[in-house]
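The values are calculated or read from the model by the stated rules, or taken from the named source; none is laboratory data. This structure is a prediction, so every number in the text was calculated from the model and none was measured. Just so you know, the surface numbers come from the protein's heavy atoms only, side chains and all, with ligands and any DNA or RNA stripped out. Shrake-Rupley method; radii C 1.70, N 1.55, O 1.52, S 1.80 Å.
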Amino acid sequence: MLLNKFYKILTRVCLATALYANTPIAKSDEPSQQASLEHRIEGFESYNNIAGLIETIEDKFEIPDDLLHLTILVESKGESKDRFEPQFKKRYIDNGKFSFDKNSLYQDIFKKLKKQNPSLTKEEFKKQLATSVGPAQILYCTAIDYGFRGSIDELRKPENNLEYAARVIKRQSRQSNYDWKKVLTAYNTGPIKGNPTRGHIERGKYYRDLLRKE
């Protein structure tokens, strides 16, 4: 009788173990974006919330010297927002050599998005092309030039936003021999020898020093 009881107990233990072993562990739908302590900055919660993702993408593209972190801090402090550039639209999207009417790639993307969203007008799409979005404040048309083929809403997603910013910075880093001032200048103006917005480089120095203190 004691032996039978022992077998019953053993059977229950084995069954419970098997059930536990086959129970899937709950996983988060979103990849962790928490930064290592190296890149967390007190008081910059928007940046801290995506700093882990910045680290991952910076490693993926082998971008040195925290240049992606620095760009995000200078451009937006990590905050996701839109900034329409009317002068850019007038000069480059409405007119010029690479205007919408002369750019078959822009037209193809517009046609594809128009099928998904019939209410999208050509004028609205042209405004989108001249709008900087997300924490990297990357122009929609610039992301397209670097291979992005989705909608502006998809570009607002941090993982897409940061990846295409990294593609831009990677090229600029090579051209400037990884000089942070030239990288920030080129990201802000286009050419490495451009004239950045007033205070842009000064903000870069402030955030660079802040990153190095943390």
Tell me the Kirkwood radius of region 88-214: reciprocal of the mean inverse pair distance over distinct alpha-carbon atoms, in Å.
15.8
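Take the residue pairs Lys81/Lys182; Lys90/Lys170; Lys77/Lys213 and return only those whose Cα atoms are more than 22 Å apart. Write down the numbers at each step before the final one.
Numbers: Lys81/Lys182 24 Å; Lys90/Lys170 28 Å; Lys77/Lys213 17 Å.
Listed pairs above 22 Å: Lys81/Lys182; Lys90/Lys170.
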Kirkwood Rh over Cα pairs of region 77-120 into Stokes-Einstein at 4 °C, 1.567 mPa s: D in µm²/s?
106
Can you send over the solvent-accessible area of Asp179, 1.4 Å probe, protein chains only, in Å² to the nearest 10?
60
Please list Thr131, Thr142, Thr56 from largest to smallest accessible area, probe radius 1.4 Å, with all protein chains kept in place.
Thr56, Thr142, Thr131
Can you put Arg149, Arg156 in order of accessible area, largest first, using a 1.4 Å probe?
Arg149, Arg156
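Once you keep just the Cα pairs under 8 angstrom separated by 6 or more residues, what percentage relative contact order results for region 93-170?
Numbers: 62 pairs, mean separation 17.8, N = 78.
Worked out over region 93-170, it gives 23 percent.
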